[in-house]
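S.K.: The structure under discussion is supplied below as structure tokens; questions concerning it will follow.
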Amino acid sequence: MSEDTMTKGYIFDYGGTLDTGGNHWGKVIWHAYQYLGVPVGEAHYREAYVHGERTLARHPIVQPGFTFRQTLEAKVALQLQYLGIGTTALATALVDTLYAQTQAHTAHSREVLVQLKACYPLVLVSNFYGNIHTVLREFGLDDLFRSVVESAVVGVRKPDPRIFTLGVEALALKPGEVTVVGDSIDKDILPAGQAGCRTVWMEGEQWTDSPVCRTLPDRIITDLTQLI
């Protein structure tokens, strides 16, 4: 049986799937550093990225009303502070570059999601900072999902399969009737499969060069248009 006939609803990841075209945010930001000629090596940058993400996870820096641009500003500020090279001009240039890329990716995602919504109910399941609804409105994605399951709100984070079970319940479908689309094998594909869902891996640039078991997802795509 083909995926189209089995699938009655979709669950989408957000970060790294709808806003970067499948590329890990750590790599996306690193390429912006390279583009702007920031004087730092990749190993040191990686330390700064991990420091920033852990800081944002532990402290309520990002507020529910934060736009994605404000979230980017917080991320970049923490990174540059860690690296000891921060200037206002550099921070602004990094945020401007990254935000323009995000606008382009989310606009493309919206075009595809609008077509899918005409045939299937859609739910978003995301590890986020508590401001995902603000971000969805910012990029015109807020009218596309039947429900949004955000880790900071429901108290369950990927890779816990229960967060995908919540998404399945929001669709009012059986797990086997739901296809999960995400960019992370560890945080999307594996736990979604454990929850009983079908899976589509959106392959992009990964955070590490570790080999990926390409037989884990039911399907591999490189662009959302391949779902149509």
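The values are calculated or read from the model by the stated rules, or taken from the named source; none is laboratory data. Fair warning: this is a prediction, and the values are worked out from it, not measured in the lab. Here the Cβ is made from the backbone with ideal geometry for all residues, glycine too, and neighbour counts use every protein chain on show. Just the protein is used for accessible areas: all its heavy atoms, side chains included, with ligands, DNA and RNA removed. Shrake-Rupley method; radii C 1.70, N 1.55, O 1.52, S 1.80 Å.
S.K.: Counting only residues that are exposed (fewer than 15 other Cβ atoms within 10 Å of the Cβ) and touching a residue at least 40 places away in the same chain (Cβ under 8 Å), which one in region 173-222 is nearest to the chain's Cα centre (by Cα)? Break it down into steps so the answer makes sense when it comes.
M.R.: Here is the first cut: in region 173-222, the residues exposed (fewer than 15 other Cβ atoms within 10 Å of the Cβ) are 174, 176, 186, 208-211, 213-216, 219, 222.
Retained after the next criterion (residues that are touching a residue at least 40 places away in the same chain (Cβ under 8 Å)): 176, 219, 222.
Details: GLY176: 23, ARG219: 18, THR222: 15 Å.
Checked region 173-222; the qualifying residue nearest to the chain's Cα centre (by Cα) is THR222.
S.K.: Also, I was wondering about something else. Hey, does region 207-219 have a residue that's touching a Ser or Thr at 6+ places or on another chain (Cβ under 9 Å), farther than 29 Å from THR134 by Cβ and either of a type in the set (S, T, N, Q) or not in a loop (DSSP other than H, G, I, E, B) (or both)?
M.R.: Yes, the conditions are met somewhere in region 207-219.
S.K.: Hey, TYR99 hits all of (1) over 23 Å from LEU36 (Cβ atoms); (2) open to solvent by less than 70 Å² (accessible area, probe 1.4 Å); (3) in contact with a Phe, Trp or Tyr (Cβ under 8 Å, 6 or more places away or on another chain); (4) of a type outside the set (Val, Ile, Thr) but one; which does it fall short on?
M.R.: Going through the list (1) over 23 Å from LEU36 (Cβ atoms); (2) open to solvent by less than 70 Å² (accessible area, probe 1.4 Å); (3) in contact with a Phe, Trp or Tyr (Cβ under 8 Å, 6 or more places away or on another chain); (4) of a type outside the set (Val, Ile, Thr), TYR99 breaks only (1).
S.K.: Against the condition closer than 27 Å to THR87 by Cα, aromatic (Phe, Trp, Tyr) and open to solvent by 20 Å² or more (accessible area, probe 1.4 Å), how does TYR45 come out, does it pass? Show your work before the answer.
M.R.: Values: closer than 27 Å to THR87 by Cα: yes; aromatic (Phe, Trp, Tyr): yes; open to solvent by 20 Å² or more (accessible area, probe 1.4 Å): no.
So TYR45 does not fit the description; no.
S.K.: Of the conditions (1) open to solvent by 20 Å² or more (accessible area, probe 1.4 Å); (2) in contact (Cβ under 8 Å) with a residue 40 or more places away in the chain; (3) within 30 Å of ILE220 (Cβ to Cβ), LEU36 fails just one. Which one is it?
M.R.: All conditions are met except number (3).
Yes/no matrix, rows are residues, columns are (1) more than 17 Å from THR7 (Cβ to Cβ); (2) open to solvent by less than 10 Å² (accessible area, probe 1.4 Å); (3) in contact with a Ser or Thr (Cβ under 8 Å, 6 or more places away or on another chain):
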| site | (1), (2), (3) |
| --- | --- |
| VAL135 | yes, yes, yes |
| GLU138 | yes, no, yes |
| ARG146 | no, no, no |
| ARG157 | yes, no, yes |
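S.K.: Only one residue in ALA118, ALA152 is open to solvent by 10 Å² or more (accessible area, probe 1.4 Å), over 13 Å from the mean Cα position of the chain (by Cα), farther than 20 Å from GLU53 by Cα and small (Gly, Ala, Ser), so which one is that?
M.R.: On the way: ALA152 fails: farther than 20 Å from GLU53 by Cα.
The unique qualifying residue is ALA118.
S.K.: Still on this structure: Looking at (1) of a type in the set (A, V, I, L, M, F, W, C); (2) open to solvent by 10 Å² or more (accessible area, probe 1.4 Å); (3) closer than 25 Å to ARG54 by Cα, find the lone condition where LEU124 falls short.
M.R.: (2)
S.K.: Please go through region 48-64 and pick out each residue that is of a type outside the set (Val, Ile, Thr) and open to solvent by less than 50 Å² (accessible area, probe 1.4 Å). Lay out the reasoning, then the answer.
M.R.: Start the filter on region 48-64 by keeping residues that are of a type outside the set (Val, Ile, Thr), which leaves 48-49, 51-54, 56-60, 63-64.
If the condition is that a residue be of a type outside the set (Val, Ile, Thr) and open to solvent by less than 50 Å² (accessible area, probe 1.4 Å), then ALA48, TYR49, GLY52, GLU53, LEU56 are the ones that fit.
S.K.: Suppose we filter THR92, THR67, THR71 for residues that are open to solvent by less than 30 Å² (accessible area, probe 1.4 Å) and either closer than 25 Å to ILE132 by Cα or in contact (Cβ under 8 Å) with a residue 60 or more places away in the chain (or both); which single one remains? Before the answer, list the steps.
M.R.: Details: THR92 fails: open to solvent by less than 30 Å² (accessible area, probe 1.4 Å); THR67 fails: open to solvent by less than 30 Å² (accessible area, probe 1.4 Å).
On inspection, the qualifying residue turns out to be THR71.
S.K.: Quick check, is LEU78 over 17 Å from the mean Cα position of the chain (by Cα) and buried (at least 18 other Cβ atoms within 10 Å of the Cβ)? If you could, list the steps in order and put the result at the bottom.
M.R.: On the way: over 17 Å from the mean Cα position of the chain (by Cα): yes; buried (at least 18 other Cβ atoms within 10 Å of the Cβ): yes.
When the stated conditions are applied, LEU78 passes them.
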